[in-house]
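Read through the structure below, which is laid out as structure tokens, and then see the notes.
Throughout, read-outs are computed from the coordinates displayed, never taken from laboratory work. These numbers were taken from a predicted model, which means no experiment stands behind them. Every residue, glycine among them, receives a Cβ derived from its backbone with ideal geometry; neighbour counts consider all protein chains shown.
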Amino acid sequence: MGVEQYDAIVVGAGGMGSAALYHLARRGVRACAVERFAIAHDRGSSHGDTRIIRKAYLEHPDYVPLLHRAYTLWEELEAEGGEELFARVGLLLAGDPGTEAMRGQEACYRQHDLPHETLDADELANRYPDFSLPPDYSAFYDPLGGFLRVEDCVRRHADLARAYGAVIYEGEVVRSWRGEGDGVVVETDRRRLCADRLILSAGAWAVPELHRLGVSARAVRKVQLWYGGRGVERYRQGELPCFFIADGEHYFYGFPAQEPWGLKLAEHNISHDVVDNPLELDCELRPNDEPRVLDVLSRFFPALEPQLKKHVACMYTLTPDEHFVLDIHPECPAVVLGAGFSGHGFKFATVVGEILTELALDGKTRQPIEFLGLSRFA
Ligand SMILES: Cc1cc2nc3c(=O)[nH]c(=O)nc-3n(C[C@H](O)[C@H](O)[C@H](O)COP(=O)(O)OP(=O)(O)OC[C@H]3O[C@@H](n4cnc5c(N)ncnc54)[C@H](O)[C@@H]3O)c2cc1C
């Protein structure tokens, strides 16, 4: 078994790890990542074509400064070449104005002075005639929202990291890591790696480490569904932005129809099937996966006669409060943890990569991440 020496090692080159590797390499650090599968694979949490991005964040006000930085970094990443990553198509947020989601959204727009329009059912009907809103619902149009092409983002980070000199060991599994002196030793199924710093960004595979640190996280199965069929052209990009529907306490989100798969729709906060072993994620369509989504399609997208074109299973890694964990490892200061992104992390991938890099190399970050520290679970 060979031994290789790096300044920094990243475990897992998915959404967050590929971004961290890019930022490490951009700072001139000799860095590598170990990734169990291929770059932009479909076995973790960063696949399924698209991810919603928005700046107004009712989940916690402290995410907004992170999003300002994330947006800047997405622009920089796009400017570094290649195809567009961020489709700036806007976002429609619809729901009962009395719900926590809609009230929180409005408060967030006001608190952070973010651009938005408030639309009632009539105004919405004028603008999006084939999107049907119950008369007692209202909507916000958020011009800063849109979607990221998720696999392209992962690939771009990985490709540019390589261009800056980083190494990626694909199809290789990290079996263990330990602190040694001021640094770390990592054993993979092929080699031993030594480094000054280690970034753990293992997605759903981080659950056992989170448990060990007292965080009762869990990985859950989530299904994304794509529909074509008669009428789908009325919901294509240009006719409709991305959308988020707070249907009572049930949240759904989706993307305008695109070739070849059509309109994508998924539920956010219901049906959390726990995945004990991420390697055994059930990718088959289950009888329970579709009915609620079909119900939303029939009520909000009446011009569509839906035909299922594609489904994809993916995992959320939920922490108890559904906020991320970004922190230095309490038992080993050479190790930084980025985990528990709780089904809403991808839009932050650029800034998370930068934060993980700063924590690893500088021992601190410029970003306000106190609310994401491990001590909140103590
Ligand atoms: C269905 C769905 C919809 C979502 N929608 C949105 C959205 O609209 N907007 C948004 O912002 N976010 C969204 N998210 C959340 C977002 O996609 C995730 O938070 C983010 O992708 C998590 O990235 P990650 O790097 O933590 O995990 P991953 O991308 O899964 O990366 C972890 C990587 O670690 C590797 N790995 C693990 N263990 C090892 C090991 N021992 N050795 C080597 N490699 C290892 C894995 O193979 C994997 O590639 C959604 C998530 C899902 C599942």
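Quick notes
- Value of relative contact order over the chain, rounded to a whole percent, pairs C-alpha under 8 Å and six or more apart: 24 percent
- Under Karplus coefficients 6.51, -1.76 and 1.60, residue-wise ³J(HN,Hα) of region 86-91 in Hz, glycine/proline x: 10, 8, 8, 9, x, 9
- Cα-based helix-to-principal-axis angle, 150-163 vs the chain, degrees rounded to 10: 30 degrees
- Fewest-first sequence of MET102, MET16, MET315 by Cβ atoms within 10 Å of each Cβ: MET102, MET315, MET16
- Over region 186-341, volume per residue of the alpha carbon convex hull, in Å³: 155 Å³
- In this structure the amide hydrogen of LYS309, modeled in the peptide plane, comes within under 5 Å of the amide hydrogens of TRP226, TYR227, GLY228, none closer than 5 places in sequence on its chain.
- Our helix-only sum for the chain, with -39,500 (n - 2.57) per DSSP H run of n ≥ 4 divided by its residues, gives a mean residue ellipticity at 222 nm of -7500 deg cm²/dmol.
- For the pair region 2-80 / region 96-172, the C-alpha centres are spaced 19 Å from each other.
- Within the listed set ALA13, ALA33, ALA303, the Gaussian network model of the chain (springs between alpha-carbon atoms below 10 Å) gives the highest mean-square fluctuation for ALA303.
- Relative intensity, log₁₀ I(q)/I(0), of the chain from a Debye sum that treats every alpha carbon as a point, q = 0.11, 0.13, 0.14 Å⁻¹: -0.76, -1.04, -1.19
- Shape call, region 1-43: gyration tensor on alpha carbons, a/c limit 1.5: oblate
- Ratio of Rg to Rh over region 282-342 (Cα coordinates, Kirkwood Rh, two decimals): 1.24
- Less than 5 angstrom separates the built amide H of LEU240 from none of the residues sequence-distant by 5 or more or on a different chain.
- Karplus-based coupling profile of region 64-76, in residue order and whole Hz: 5, x, 5, 6, 4, 5, 4, 4, 4, 5, 5, 4, 5, with θ = phi - 60° in 6.51 cos²θ - 1.76 cosθ + 1.60 and x standing for Gly or Pro.
- Considering region 1-83, its Cα convex hull presents a mean projected area of 7.6 nm².
- Distance (nanometres) between label positions extended 7 Å along Cα→Cβ at ARG192 and GLN237: 4.9 nm
- If the segment from GLU4 to ARG286 were pulled out straight at 0.36 nm per residue, it would be longer than the present Cα-Cα gap by 97.1 nm.
- Sorted fewest first by neighbouring Cβ atoms within 10 angstrom, CYS314, CYS283, CYS332 come out as CYS283, CYS332, CYS314.
- Each of SER176, SER18, SER132 was scored by other Cβ atoms within 10 Å of its Cβ. Listed from fewest to most, they are SER176, SER132, SER18.
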